[in-house]
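Since every read-out is calculated from the coordinates, none of them should be taken as a lab result. It should be emphasised that the depicted structure is a prediction, and the values quoted were computed from it without experimental measurement. Cβ placement follows ideal geometry from the backbone for every residue including glycine, while neighbour counts extend to all protein chains displayed.
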Amino acid sequence: MRKSILVLVLSLLLLLTFGLSIQAQSREVSESGVTFYYVTSKLLPLGEGVLRHDYEANGVTVNDTGEGLFHNASVRVLGGMTIEKGIYKDELGWGVWTLQNGDKVFYKYSWEGVIKPKGVGVGKGTVTFVNGTGTCSGIKGSFEMTRYCPWTPTTQGVGMCYSKGKITYTLP
């Protein structure tokens with residue numbers, strides 16, 4: 001009888017120990033969608049065919065499923081690049097998503113691509129989470145995105161762009 005109680009107690013302890021460690025593990029989540037941006041730019045000519053482009057962009061993220069942590073989150077970014085003959089390889093920027101519940105997610109990114117005065121410019125790069133607030137404190141992840149900037153005859157210094165990809169992250 002004592003032996004069966006001891007085996008039962010040890011089994012429960014093992015189950016509880018491993019069960020808690022499995023439950024405590026964070027899982028990776030992916031949210032596929034599009035982020036739309038309204039972009040204001042500052043341009044500085046640096047010589048023949050060379051241009052410094054710094055910008056601020058504001059927008060919104062919409063997930064394909066209509067739900068998720070980043071669905072309907074507003075976004076603000078500051079970034080810049082040096083463009084040589086329509087090509088850039090050094091774009092860097094920082095941003096913040098403000099989620100529907102008010103939490104913030106901070107990130108940085110690097111891109112390279114092509115600017116086209118007519119047609120659609122395309123850039124590809126990596127987004128890396130830096131941190132967050134509230135339930136997103138300690139968020140981690142890095143993922144690829146593709147940005148499209150169609151040429152549109154809008155106000156000078158203003159553009160529209162959108163990024164597509166899967167936002168991939170883990171929460172602690």
Cross-link pairs Lys85/Lys108; Lys104/Lys140; Lys108/Lys164; Lys42/Lys124; Lys116/Lys164; Lys89/Lys116 - those with Cα-Cα distance over 24 Å
Lys85/Lys108
Sort Ile87, Ile115 so the one with the fewest other Cβ atoms within 10 Å of its own Cβ comes first.
Ile87, Ile115
Fewest to most neighbouring Cβ within 10 Å: what's the order for Val34, Val127?
Val34, Val127
Largest-first principal axis extents, alpha carbons of the range 28-170, Å:
49, 25, 21
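Evaluate the relative contact order of the range 28-170 (contact order divided by residue number), counting alpha-carbon pairs under 8 angstrom at least 6 apart; express in whole percent.
Details: 391 pairs, mean separation 33.6, N = 143.
Computed value for the range 28-170: 24 percent relative contact order.
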Along the range 43-58, Karplus-curve 3J(HN,Hα) (6.51, -1.76, 1.60; θ = phi - 60°) to the nearest Hz, with x for Gly and Pro, reads 10, 9, x, 10, x, 4, x, 10, 9, 8, 10, 10, 8, 10, 10, 10
Per-residue Cβ contact counts at 10 Å, fewest first, order Thr170, Thr35 as Thr170, Thr35
Rounded to two decimals, the Debye log10 I(q)/I(0) of the range 90-172 (Cα scatterers, no solvent) at q = 0.13, 0.14, 0.23 Å⁻¹ is -0.49, -0.56, -1.08
